[in-house]
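One structure below.
The values are calculated or read from the model by the stated rules, or taken from the named source; none is laboratory data. Being a predicted model, the structure only gives us computed values, none of them experimental. Cβ placement follows ideal geometry from the backbone for every residue including glycine, while neighbour counts extend to all protein chains displayed.
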Amino acid sequence: MRVLVTGGAGFIGSQIVTALTARGHDPVVLDALLPASRSAARPRPPLPPGGAWIHADVRHPAAVADALRGVDAVCHQAAMVGLGTDFSDAPDYVSCNDQGTAVLLAAMAEAGVADLVLAGSMVVYGEGRYDCARHGRVRPGPRAAADLAAGRFEPPCPTCGDALVPGLVGEDAPVDPRNVYATTKLAQEHLAAAWARSTGGRAVALRYHNVYGPGMPRDTPYAGVAAFFRSALERGEAPRVFEDGGQRRDFVHVRDVAEANAVALEAVHGRAPGVLTAYNTGSGTPHTVGETAAALAAAHGGPEPVVTGEFRLGDVRHITADSARLRAELGWKPRVGFDEGMAEFAAGGPEDAAC
Ligand SMILES: NC(=O)c1ccc[n+]([C@@H]2O[C@H](COP(=O)([O-])OP(=O)(O)OC[C@H]3O[C@@H](n4cnc5c(N)ncnc54)[C@H](O)[C@@H]3O)[C@@H](O)[C@H]2O)c1
Ligand SMILES: [Zn+2]
């Protein structure tokens, strides 16, 4: 199968290209090599082995139309990622992520390419799932600055104020995007659903949780928490853990995410036309941010993490995935365990050295 991988030079996209090639497919990469996802340590990604390569922006209709020639399916990874620096980034996020997706989908409709796998994100949910002993499933709003400053990090029940039990969020949980990036990721899904309905296309959105592993962007405002911790360790500094370190996340290895994309691309053609289905893509095993810092520090040989009590307004306390639907319907299961993956990441794999 010939697959156009937008953003195929990125952290996740380049691993998708490797996974597709290994499974006998024929990937074509379209990537603008945006400066935001590059860093001094990773100025330009290694070009994916075996894949054809187009240096272009997904917002350019002519380039996308060219790239779609002879393509059977599209794997859309290109996006500006992370929280950005401040609200002045909003037009760039919307342009890259939503205008870009609209241009791509219009070109697919024109070219008659009807199969799409989209990089979604857990950020569409806002907070994770919470249960109150008295009120059942509840939805706490964003945490108040005063609570965070006083070290009250757990969101209380919005009705009775009692402590809540965090759980695994399912795909049918209500969406609640809380920042510009999250809003653009949700809009991508809505655009893809609208495209599927109006053209008879078939779409799968994989809502990735915290992806980590070799080639992860680092030393940029867009880097993920595991990359920040590892960069600190490499400088000989202690990883600085915000809040009390008890934030629960689902860390999923980039090779597992790449495999999920390959499996979804192989399955999407057999699905009902006109529909987008969303799948959580996580390891299914929650870990705290504190545990992650400790695992990386131990694998690196120190120094021990420092829990600072600092916080970022807008950070979510807990968000962990129920990825049962992806396992049951597409037969995917993660292979890289937390300890093994974090130890490999702390050591820096051969792929990192090449970046
Ligand atoms: N890393 C995570 O933890 C995570 C979690 C959830 C979702 N995602 C999603 O996964 C996808 C890939 O993210 P990543 O972590 O690999 O980031 P990345 O920055 O490493 O890769 C994104 C790639 O897309 C390219 N790109 C961006 N805008 C483009 C445009 N307009 N035209 C062409 N190319 C463009 C960039 O140059 C980059 O190579 C994104 O859609 C992101 O929203 C990532
Ligand atoms: Zn309650």
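Below are the figures for this structure:
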| item | result |
| --- | --- |
| Residues of region 141-177 classified as under 22 Å from Leu83 (Cβ atoms), within 16 Å of ligand 2 (Cβ to nearest atom) and without any contact (Cβ under 8 Å) to a residue 60 or more places away in the chain, total | 1 |
| Residues of region 323-333 that turn out to be buried (at least 19 other Cβ atoms within 10 Å of the Cβ) and either among the acidic types (Asp, Glu) or assigned to a loop (DSSP other than H, G, I, E, B) (or both), as a count | 2 |
| Candidate set from region 16-51 (those that are part of a loop (DSSP other than H, G, I, E, B), within 9 Å of ligand 1 (Cβ to nearest atom) and modelled with pLDDT of 65 or more); member that is surrounded by the fewest Cβ atoms within 10 Å (Cβ to Cβ) | Leu33 |
| Odd one out for Arg271 among (1) among the charged types (D, E, K, R); (2) touching a helix residue (DSSP H, G or I) at 6+ places or on another chain (Cβ under 7 Å); (3) within 30 Å of Arg2 (Cβ to Cβ); (4) assigned to a loop (DSSP other than H, G, I, E, B) | (2) |
| Gly167 vs. criteria outside any strand (DSSP E or B), away from ligand 1 (no atom under 16 Å from the Cβ) and more than 18 Å from the chain's Cα centre (by Cα) | no |
| Qualifying position, being hydrophobic (A, V, I, L, M, F, W, C) and within 19 Å of Glu110 (Cα to Cα), among Ala173, Ala205, Ala196 | Ala196 |
| Residues of region 52-88 satisfying the condition of being assigned to a loop (DSSP other than H, G, I, E, B), at pLDDT below 95 and loosely packed, with under 13 Cβ neighbours inside 10 Å | Thr85, Asp86 |
| Residues satisfying the stated conditions in region 86-113, i.e. farther than 20 Å from Gly200 by Cα, among the small types (Gly, Ala, Ser) and either within 9 Å of ligand 1 (Cβ to nearest atom) or in contact with a Pro (Cβ under 9 Å, 6 or more places away or on another chain) (or both) | Ser95, Gly100 |
| Check on Ala187, surrounded by 17 or more Cβ atoms within 10 Å (Cβ to Cβ) and away from ligand 1 (no atom under 11 Å from the Cβ) | yes |
| Residues within region 123-151 that are of a type in the set (Gly, Ala, Ser), part of a loop (DSSP other than H, G, I, E, B) and at pLDDT 95 or above, tallied | 3 |
